[in-house]
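The values are calculated or read from the model by the stated rules, or taken from the named source; none is laboratory data. Here the structure is a predicted model, which means the values were calculated and not measured. Don't worry about glycine lacking a Cβ; one is built from the backbone with ideal geometry, like all the others, and counts go over all protein chains shown. The accessibility values were calculated without ligands, DNA or RNA, using every heavy atom of the protein model including side chains. Shrake-Rupley method; radii C 1.70, N 1.55, O 1.52, S 1.80 Å.
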Amino acid sequence: MDIRVSVFDDNNALRDSLYYLISGTPGFVVAGVYPDCNQVLEHLRQDAADVILMDIDMPGLNGIEATALIKSHFPGINVLILTSYDDSTKIFDALQSGATGYLLKKTTPAKILDAITEVSQGGAPMNASIARKVLEFFSEKKNITENGYDLSLREKDVLRCLVKGDSYKMIASHCFISMGTVCTHICNIYKKLHVNSKSEAVAKAIRERLINDQG
């Protein structure tokens, strides 16, 4: 059965190249090609994909935020990052957001196709240099406490509300705190979870079961 692939990249030339590469190769079908992720959920509802090739730096919603959003709504879709960024922070953030693989844009077309196949079969393809940085990153022994990241009880309450989809105003009402206090708690949650957006925080909370406890 053909692998349905969607491409999100704001580089017109690369996007076109990937379109022709994928559509011209037996066993692959292009589900859609898009210059940004601002309507990513709508696109995926209209054009189902098995694998997504995702750039990171795009106007509006960036690729890492979009990955978290995709995985929170379509957990069965595999997101394969295809970017020029090779710094450890971007790599870690992408993987934390739910990306299944991470490739650099200098990767050859043949290897990109191999990676799409690999990720669709349950693998986690990465360039050798990326895999080395992942190993180095985790060998640094980050001081993160098990299943909690030192979140206070109030921060867990706020995070639980975010996962439920509550607005800031609703959170303030449910937790009997001011809007300003809600914003302070959310900023602290972002720092402790090492995320940069609500979608990333929600995806991480769901994936790591951070708010299953009732404390």
| said: Please list, ordered by residue number, the helices (runs of 4 or more DSSP H) wholly in the stretch 54-129 having 2 or more residues that are in contact (Cβ under 8 Å) with a residue 40 or more places away in the chain, open to solvent by 20 Å² or more (accessible area, probe 1.4 Å) and at positive phi. | reply: none
| remark: Considering residues that are open to solvent by less than 90 Å² (accessible area, probe 1.4 Å), modelled with pLDDT of 80 or more and either in contact with an Asp or Glu (Cβ under 7 Å, 6 or more places away or on another chain) or not in a helix (DSSP H, G or I) (or both), the number found within the stretch 134-165 is 3
| query | How many residues are open to solvent by less than 30 Å² (accessible area, probe 1.4 Å) and part of a strand (DSSP E or B) if we restrict to the stretch 27-42? | reply | 4
| remark: Those residues of the stretch 1-48 which are in contact (Cβ under 8 Å) with a residue 60 or more places away in the chain, aliphatic (A, V, I, L, M) and touching a strand residue (DSSP E or B) at 6+ places or on another chain (Cβ under 7 Å) amount to Ile3, Val5, Leu18, Ile22
